[in-house]
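Some notes on the structure that comes next.
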Amino acid sequence: MAKQAVRLKPNSLGHRIRFVRSLFRYAYEETYLTSNPSLKLREPKLEKRIPKFLIEEDIIHLKISCQSVRERALLEFLYSTGCRVGELEKINIEDLNWENCSAIVNGKGSKQREVYFTTKCKVWLKKYLASREDSCKALFVTDTHPTKRMAIPTIRWAIQRLADREELEVNVYPHRFRHTYACQLLDNGAPLDFIQGMLGHEKASTTQIYATD
């Protein structure tokens with residue numbers, strides 16, 4: 001009985017094509033072959049992945065699960081600014097501008113930009129900072145070592161812990177707040193070039209994924 005052909009997903013097929021091209025390129029460069037037959041191979045077009053975002057009900061459950069001012073401040077900041085987790089990790093208290101509810105973040109390629117947080121976020125940030133007795137310059141510090149800046153894995157763990165408490169079925173991680181922030185801007189009529197600037201995207205094509213139907 002003949003075996004039924006297996007249809008590979010575009011990602012898997014693309015991976016195999018890259019492997020074949022690499023193999024033939026090596027054989028050609030080492031003179032095992034007089035020509036490279038893989039030059040005409042083309043990778044399949046990948047489907048654009050629609051970013052996953054959190055709905056309002058998810059956010060409400062996450063807020064309910066907060067058991068400390070640090071958790072609530074961290075949640076509100078991620079939700080209202082759309083920062084990358086790596087950007088959040090580097091923020092210092094002195095980077096905040098309380099008057100216009102903004103913060104200077106260092107994005108990819110050491111490019112700085114200004115992000116904005118809500119008045120509600122400002123309230124929780126001030127409550128959190130007032131509760132601290134350390135002199136660390138970092139905006140968010142660990143619970144066990146208050147003089148130590150929260151690292152990326154700790155931030156991810158803290159956010160996941162909020163979801164675990166409420167037993168949310170949705171997968172919650174810092175970057176998902178970034179997707180949620182972008183989708184909310186789009187829903188409120190913000191143009192893509194504005195969203196691109198707020199997210200710190202270098203290429204407009206990166207922001208374009210949020211406009212996918």
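The values are calculated or read from the model by the stated rules, or taken from the named source; none is laboratory data. Please read all numbers here as calculations on a predicted model, not as lab measurements. So basically every Cβ, Gly included, is an ideal-geometry build from the backbone, and we count neighbours across all protein chains shown.
Among the residues of region 193-213, which ones are polar (S, T, N, Q) and modelled with pLDDT of 80 or more? Give the derivation first.
Step one: list which residues in region 193-213 are polar (S, T, N, Q), which gives 196, 205-208, 212.
Within region 193-213, Gln196 is the sole residue that qualifies.
Which numbered condition trips up Lys122, out of (1) touching a helix residue (DSSP H, G or I) at 6+ places or on another chain (Cβ under 7 Å); (2) among the basic types (Lys, Arg); (3) in a helix (DSSP H, G or I)?
In the conditions (1) touching a helix residue (DSSP H, G or I) at 6+ places or on another chain (Cβ under 7 Å); (2) among the basic types (Lys, Arg); (3) in a helix (DSSP H, G or I), Lys122 misses (1) alone.
When the residues of region 65-89 are filtered to those that are under 17 Å from the mean Cα position of the chain (by Cα) and assigned to a loop (DSSP other than H, G, I, E, B), which remaining residue is farthest from Ala151 (Cα to Cα)? Let's see the steps before the verdict.
Here is the first cut: in region 65-89, the ones under 17 Å from the mean Cα position of the chain (by Cα) are 74-89.
Imposing the further condition that a residue be assigned to a loop (DSSP other than H, G, I, E, B) reduces the set to 82-84.
Values: Gly82: 18, Cys83: 15, Arg84: 13 Å.
For region 65-89, the residue satisfying everything is Gly82.
May I ask you to list pairs of residues, at least six apart or on different chains, whose Cβ atoms are under 9 Å apart, with the first in region 90-109 being under 16 Å from Ala151 (Cα atoms) and the second being of a type in the set (S, T, N, Q) and surrounded by 18 or more Cβ atoms within 10 Å (Cβ to Cβ)?
Close Cβ pairs satisfying both conditions: Val105/Thr81.
Taking into account only those residues within region 140-166 that are part of a loop (DSSP other than H, G, I, E, B) and under 19 Å from the mean Cα position of the chain (by Cα), which is farthest from Gly86 (Cα to Cα)? Talk me through it step by step, then tell me what you get.
Residues of region 140-166 that are part of a loop (DSSP other than H, G, I, E, B), as a first pass: 140, 142-148, 150-151.
Okay, now just the ones that are also under 19 Å from the mean Cα position of the chain (by Cα), so 140, 150-151.
Numbers: Phe140: 13, Met150: 11, Ala151: 8 Å.
Step by step, filter region 140-166, then rank; the result is Phe140.
Which condition does Gly189 not pass, out of (1) in contact (Cβ under 8 Å) with a residue 60 or more places away in the chain; (2) of a type in the set (Gly, Ala, Ser); (3) out of contact with any Pro (no Cβ under 8 Å at 6 or more places or on another chain), if it passes all the others?
(1)
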